[in-house]
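The values are calculated or read from the model by the stated rules, or taken from the named source; none is laboratory data. Computed from a prediction, not measured in an experiment: that's the story for all the values here. Backbone-built Cβ (ideal geometry, glycine too); neighbour counts: all protein chains shown. SASA here: full protein model, heavy atoms, side chains in, ligands and nucleic acids out. Shrake-Rupley method; radii C 1.70, N 1.55, O 1.52, S 1.80 Å.
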Amino acid sequence: MALDAFGFLFTGRGLDPDRDRSVIERDGFRAVLVGMADPARAPEVAARLVDEGIQLIELCGGFGPVWTARVIEATKSRVPVGSVGYGPESIDGMAALFPPQAG
């Protein structure tokens, strides 16, 4: 089986996953990119993408391991879920871009 449908979720201020979605299609391959302001939307969005036929989901590094685990749980491990990682040289820059949020 070949990869024909890829999903990428990312975060950004003011983004709404119901509205901020782009699709790239070429030669039978489809990539769906979905932006959201609140990482808490990722599990629901990912599960919906899997229902739409997405075969693999990748999360931007801003989600971190907790949200990655929640997406895996929400998709019931029906597809591989990965996340972008950053090395120690990027810790300060990532912290500046994605400060911890009050619980």
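Contact order for the chain, expressed relative to its length and based on alpha carbon pairs under 8 Å spaced 6+ residues apart, stands at 27 percent. As I understand it, the value is the acute angle between the Cα axis of helix 64-74 and the longest principal axis of the Cα atoms of the chain; what does it come to in degrees, rounded to 10? Tilt relative to the chain: about 30 degrees. Here the Karplus relation 6.51 cos²θ - 1.76 cosθ + 1.60, evaluated at θ = phi - 60°, turns the backbone of region 8-24 into coupling constants of 10, 10, 9, 10, x, 3, x, 7, 10, x, 6, 10, 9, 9, 10, 10, 10 Hz, with x for every Gly and Pro. In region 38-90, the portion of solvent-accessible area held by carbon and sulfur atoms comes to 55 percent [1.4 Å probe, whole percent, DNA, RNA and ligands not counted]. A cut-off under 12 angstrom between Cβ atoms defines the neighbours of Val81, and their net charge, with Lys, Arg +1 and Asp, Glu -1, is +1. Think of a 1.4 Å ball rolled over the protein heavy atoms: the chain then has 62 Å² of accessible area per residue.
Debye-formula intensities of the chain, expressed as log10 I(q)/I(0) at q = 0.23, 0.25 Å⁻¹, are -1.26, -1.40 (one equal scatterer per alpha-carbon, no solvent).
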